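To start, the structure under review is shown below, and the notes come after it.
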Amino acid sequence: MAEEKRSLNFIEQIIEEDLNNDYKKEDLQFRFPPEPNGYLHIGHASSICLNFGLGEKYNAPVNLRFDDTNPIKEEQEYVDAIKRDVEWLGFKWAKECYASDYFQQLYDWAVSMIKSGDAYVDSQPSEAIAEQKGTPTQPGKNSPYRDRSVEENLELFQKMKDGETKEGEHVLRAKIDMAAKNMLMRDPVMYRTLHRKHHRTGNDWMIYPMYDWAHGQSDFIESVSHSFCTLEFLPHRELYNWFLEKVSSSEDFKPKQREFARRNLSHTIVSKRKLLHLVEKGIVKSWDDPRMPTISGLRRRGYTPGSIRKFAETIGIAKRENIIDVSLLEFCIREDLNKTAPRVMAVLDPVKLVITNYPEGEEEWLEAENNPEDETAGSRQVPFSRELYIEQEDFKEEANRKFFRLTLGKEVRLKNAYIIKGESVVKNDAGEIVEIHCTYDPQSRSGSGTEESMRKVKGTLHWVSAKHAVKAEVRLYDRLFSVESPDADKDKDFLDFLNPESLETITAYLEPSLSDVEPGDRFQFQRLGYFNVDKESTKEAPVFNRTVTLRDSWGGKNGN
């Protein structure tokens, strides 16, 4: 059966129209241009998938370019993390580039613009420059330094470059139009003085280009055909094109900027500044804390590259911003792990269950299917003995007819094992149940083919043999924020909406097949959810993170 043809999104339509006009397929080149001032988050993942996906679709090169023009906020740690994330998502870049590679070319072009009368050095404080910008309904005012001579501008710009001027004493501005309707065209700043060490160029430069000056020119240098940005850069497109006209000739192939909408995720923030605040204040442990929406946080939590790429494909590309419910991302990882994650048994909130008619000191090993969704996954052996652990919530001393788990006088099946019947309980001085006593039917073993094994009972419980159990730390992660849009209320701090139950750490008991696991291994704890082995895990002290519950349980918390 032929594969159903997917309709083109509006970005692909733009490319197809260009190819039908004057673009050749060999002209196509894309880029992903992160600023290395933080870790990439789920929003960046959509942009990564867009640009590298276009590269795969059109067999065109895609550069990974770091827009490293602000030494105050940028670090090599972030560069390394970004490269790791892009590779983990399954993409390969054609060239690794940096805006700082082009500092000399950008400077030379700026000098040419001074000579042609298209740029000047302004010696006003930033407050005065901002005040002179005017408003969207009122034109701005020319700087008193706007008509400086070319010679004076060149001399001052050279001094700025050589570090002979103070930070904030001068800036270089493009000379465009202080009455332009687009306020970004009102003599924007191209360079500022920063006596800061750059993570790549060291102290070679004392001036740094502004983003608007560096970005388009970097695209031009790299022969990028289509520069895709988020919607907030739509007003910048006019300036992007103006700068390109100043550094290129009519024969040159020039990049085309086009914009798409951000896709915000519910119960999440994606502002790098706010994410950094969470890290610096110790609200989360690190950029890769599994509660963070960073790609590294999602990876540590147990998300797969395929689930994130599927999420990006599902939400698609749009022209209007909207909020995507985080439950869609959770659906994508459930769908992925349902196919691939081995099923195992773990008890997170244990109570001891004693099978009083099972011989003391004996044990047997029962066959358990690894994954019913994967015929090639095979099976494993799990130990069974007289004393087991089950979940506390799976037993009630007294229960109504709608309770299909274990209670006194009723039967349930133990997964892969026997049918048991609740007989009595042992309580401590506080009246809490510390042991459940039951009997089992020796002829009812699962898969044995006996008449008793085919007997229908309504409940099936998971369990772990007490003497074989592996003790582990399990971290139950939940959404970091309790409301859909934690940074939408202008009268409240986004921290006011932190979910106090975003992390619960417990001691759990696992089946012994989990005694030899590696960080990153993923499993389904049957009836409980999907979990993966944390990077802090050791053989002596295993640590598991909950990736996601088996079903979306959040709606109930909100009363939905």
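The values are calculated or read from the model by the stated rules, or taken from the named source; none is laboratory data. None of these values were measured; they are calculated from a predicted model. No Cβ is skipped: glycine too gets one built from the backbone with ideal geometry, and neighbour counts run over all protein chains shown. These accessible areas exclude ligands, DNA and RNA; they are computed on the full protein's heavy atoms, side chains included. Shrake-Rupley method; radii C 1.70, N 1.55, O 1.52, S 1.80 Å.
Is it true that ARG273 is out of contact with any Cys (no Cβ under 9 Å at 6 or more places or on another chain), charged (D, E, K, R) and either over 25 Å from PHE525 (Cβ atoms) or buried (at least 23 other Cβ atoms within 10 Å of the Cβ) (or both)?
Criteria met by ARG273.
Where in the range 291-385 are the strands (runs of 3 or more DSSP E), entirely inside, with at least 1 residues that are among the charged types (D, E, K, R), within 30 Å of HIS437 (Cα to Cα) and open to solvent by less than 40 Å² (accessible area, probe 1.4 Å)?
Correct list: 379-385.
In this structure, does ASP429 turn out to be free of Cβ contacts under 8 Å to residues at least 40 places away in the same chain and more than 39 Å from the chain's Cα centre (by Cα)?
Yes; evaluated as a whole, the condition is true for this residue.
Which residues, taken from the range 242-275, are more than 25 Å from TYR78 (Cα to Cα) and among the basic types (Lys, Arg)?
Those that are more than 25 Å from TYR78 (Cα to Cα) and among the basic types (Lys, Arg): LYS246, LYS254, LYS256, ARG258.
Residue by residue, here is whether (1) in contact (Cβ under 8 Å) with a residue 24 or more places away in the chain; (2) outside any loop (DSSP other than H, G, I, E, B); (3) more than 21 Å from PRO359 (Cα to Cα); (4) over 45 Å from the mean Cα position of the chain (by Cα) holds:
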site: ARG401; (1), (2), (3), (4): no, no, yes, no
site: PHE404; (1), (2), (3), (4): yes, no, yes, no
site: ALA417; (1), (2), (3), (4): yes, no, no, no
site: ILE420; (1), (2), (3), (4): yes, yes, no, no
site: HIS437; (1), (2), (3), (4): yes, yes, no, yes
site: ARG445; (1), (2), (3), (4): yes, no, no, no
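Please go through (1) in a loop (DSSP other than H, G, I, E, B); (2) farther than 22 Å from LEU353 by Cβ; (3) open to solvent by 70 Å² or more (accessible area, probe 1.4 Å); (4) not small (Gly, Ala, Ser) for ARG527 and return the number of the only condition it doesn't satisfy.
Result: ARG527 fails condition (2) only.
Pick from TYR120, TYR102, TYR107: which is aromatic (Phe, Trp, Tyr) and either surrounded by fewer than 19 Cβ atoms within 10 Å (Cβ to Cβ) or in a loop (DSSP other than H, G, I, E, B) (or both)?
One residue alone meets the criteria, TYR107.
Run down PHE66, PHE30 and say which single residue is crowded, with 20+ Cβ neighbours inside 10 Å and without any contact (Cβ under 8 Å) to a residue 40 or more places away in the chain.
PHE66 is the lone residue from the list that is crowded, with 20+ Cβ neighbours inside 10 Å and without any contact (Cβ under 8 Å) to a residue 40 or more places away in the chain.
Here are some residues: LEU50, LEU19. Which one is surrounded by fewer than 22 Cβ atoms within 10 Å (Cβ to Cβ) and either without any contact (Cβ under 8 Å) to a residue 60 or more places away in the chain or over 27 Å from the mean Cα position of the chain (by Cα) (or both)?
Sole residue among the options that is surrounded by fewer than 22 Cβ atoms within 10 Å (Cβ to Cβ) and either without any contact (Cβ under 8 Å) to a residue 60 or more places away in the chain or over 27 Å from the mean Cα position of the chain (by Cα) (or both): LEU19.
Return only the number of the condition from (1) buried (at least 18 other Cβ atoms within 10 Å of the Cβ); (2) over 14 Å from ARG291 (Cβ atoms); (3) among the hydrophobic types (A, V, I, L, M, F, W, C) that PHE497 does not satisfy.
Against the list (1) buried (at least 18 other Cβ atoms within 10 Å of the Cβ); (2) over 14 Å from ARG291 (Cβ atoms); (3) among the hydrophobic types (A, V, I, L, M, F, W, C), PHE497 comes up short only on (2).
Hey, among the residues in the range 422-435 that are closer than 19 Å to THR356 by Cα and among the charged types (D, E, K, R), which one's least open to solvent (accessible area, probe 1.4 Å)?
Checking each candidate, the answer is GLU435.
Looking at VAL470, VAL483, VAL543, which one is out of contact with any Ser or Thr (no Cβ under 7 Å at 6 or more places or on another chain) and either surrounded by fewer than 19 Cβ atoms within 10 Å (Cβ to Cβ) or farther than 23 Å from PHE384 by Cα (or both)?
VAL483
Tell me which of these ASN153 doesn't satisfy, since it passes every other one: (1) open to solvent by less than 50 Å² (accessible area, probe 1.4 Å); (2) within 20 Å of ARG186 (Cα to Cα); (3) of a type outside the set (A, V, I, L, M, F, W, C); (4) in a loop (DSSP other than H, G, I, E, B).
Going through the list (1) open to solvent by less than 50 Å² (accessible area, probe 1.4 Å); (2) within 20 Å of ARG186 (Cα to Cα); (3) of a type outside the set (A, V, I, L, M, F, W, C); (4) in a loop (DSSP other than H, G, I, E, B), ASN153 breaks only (4).
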